[in-house]
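Remarks on the structure that follows.
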Amino acid sequence: MLSKTKLYDVLIEAGIKSGDIAHVQSDLRRIGVIEGVDSRQGILNFYYNSIKDVIGIDGTISVYTMYLDYGRKGIPFDVVNTKSQSGVFSEYIRCLDGSVRSIHPIVSTCANGLKAEELCGGDHFSGHGGASPWARLHRNDAWIVSLGLGSLPGGTSFIHYIESYYGVPYLYQKVFDTPVYYNNRKLDGTFTLNVHYLDFQIEYSTMEFRKSLVDSGKALLRPLGNSDIFICKASVMVEEGIKALSMNRYAFLKNPPKFIQGKIPFDGPLY
């Protein structure tokens, strides 16, 4: 059972303080029961209030509000009305007064707080490009917080920003033409996203990378209820991620891709 003070104490231990940005990805089901809280709304309020108690009125909470059906099924995306597919806490933040959601459908983010507009507002058609919310999280040196995801192969989608920032060879820019709407207006622009090739048995595993961050004291991993919480500064993750990828371009994968000689990206034709 998670005590009411445990989450607050761990956030403080990590070094999060008033005015900071916390980018949260979560699977709250894995954490389990909270002491003295027995309703769905009460659970969501608990996590929100615990984080806000630490970052204060000048702080900002960011969440991942992806909509994968846009890319997988070709279903149009409405920035204002389409629900998040990133879990109940992300949807909770999306629906709060004052929240700002980014326009990219697949890697959409949403923020609530002082820097919500700075993080998620404006046009940004490239999923992980320099104008994306992920780049803005990096420039603002946000805290990357994984609730109940620390033992999973991914844990945080910020990893994909690091891949794009470095330029790994197993990703390519995919172009999407399914409509995106904002306030009943179709947005004019070409949405793109770095995605991995499907033909080369690519499987993610960032456990070793995150373990190295924890073992070196550059990230914090603590038990939280039935699961755990992982916390690291965005700048640290980028710096250490670049070091890892410089030594091994496939550091975030379970195994190197099974590239085929003469087939893109392995010595294929040039355009």
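Let's see how each residue does on (1) under 18 Å from the mean Cα position of the chain (by Cα); (2) open to solvent by less than 30 Å² (accessible area, probe 1.4 Å):
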position: Ile31; (1), (2): no, yes
position: Asn49; (1), (2): no, no
position: Ser62; (1), (2): yes, yes
position: Arg72; (1), (2): no, no
position: Arg94; (1), (2): yes, no
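Apart from one condition, Gly150 fits all of (1) touching a Gly at 6+ places or on another chain (Cβ under 9 Å); (2) at pLDDT below 95; the exception is (1). For the stretch 161-179, indicate whether the set of residues that are surrounded by 13 or more Cβ atoms within 10 Å (Cβ to Cβ) and at positive phi is non-empty. Among the residues of the stretch 161-179, not one is surrounded by 13 or more Cβ atoms within 10 Å (Cβ to Cβ) and at positive phi, which makes the answer no.
For Leu198, the conditions (1) in contact with a Phe, Trp or Tyr (Cβ under 9 Å, 6 or more places away or on another chain); (2) within 23 Å of Ile106 (Cβ to Cβ); (3) open to solvent by 20 Å² or more (accessible area, probe 1.4 Å); (4) aliphatic (A, V, I, L, M) all hold with the exception of (1).
Show me the strands (runs of 3 or more DSSP E) entirely contained within the stretch 191-271 in which 3 or more residues are farther than 30 Å from Phe176 by Cα. Show your work before the answer.
Values: elements: 191-196, 220-224, 227-233.
Passing ranges, in order: 220-224, 227-233.
I need a count of the residues in the stretch 102-114 that are surrounded by fewer than 23 Cβ atoms within 10 Å (Cβ to Cβ) and not β-branched (Val, Ile, Thr). Step through it out loud before you land on a result.
Just the residues of the stretch 102-114 that are surrounded by fewer than 23 Cβ atoms within 10 Å (Cβ to Cβ), to begin with: 103, 106, 114.
Of the ones still in play, those that are also not β-branched (Val, Ile, Thr) are 114.
Total satisfying the criteria: 1.
Filtering Gly42, Gly98 for residues that are open to solvent by 10 Å² or more (accessible area, probe 1.4 Å), outside any loop (DSSP other than H, G, I, E, B) and free of Cβ contacts under 8 Å to residues at least 24 places away in the same chain leaves a single hit, Gly42.
The values are calculated or read from the model by the stated rules, or taken from the named source; none is laboratory data. Since the model is a prediction, treat every value here as computed from it, not as a measurement. Counting neighbours? That spans all protein chains shown, and the Cβs are built from the backbone with ideal geometry, glycine included. When the accessible area is computed, the model is the full protein with side chains, heavy atoms only, and any ligands, DNA or RNA have been set aside. Shrake-Rupley method; radii C 1.70, N 1.55, O 1.52, S 1.80 Å.
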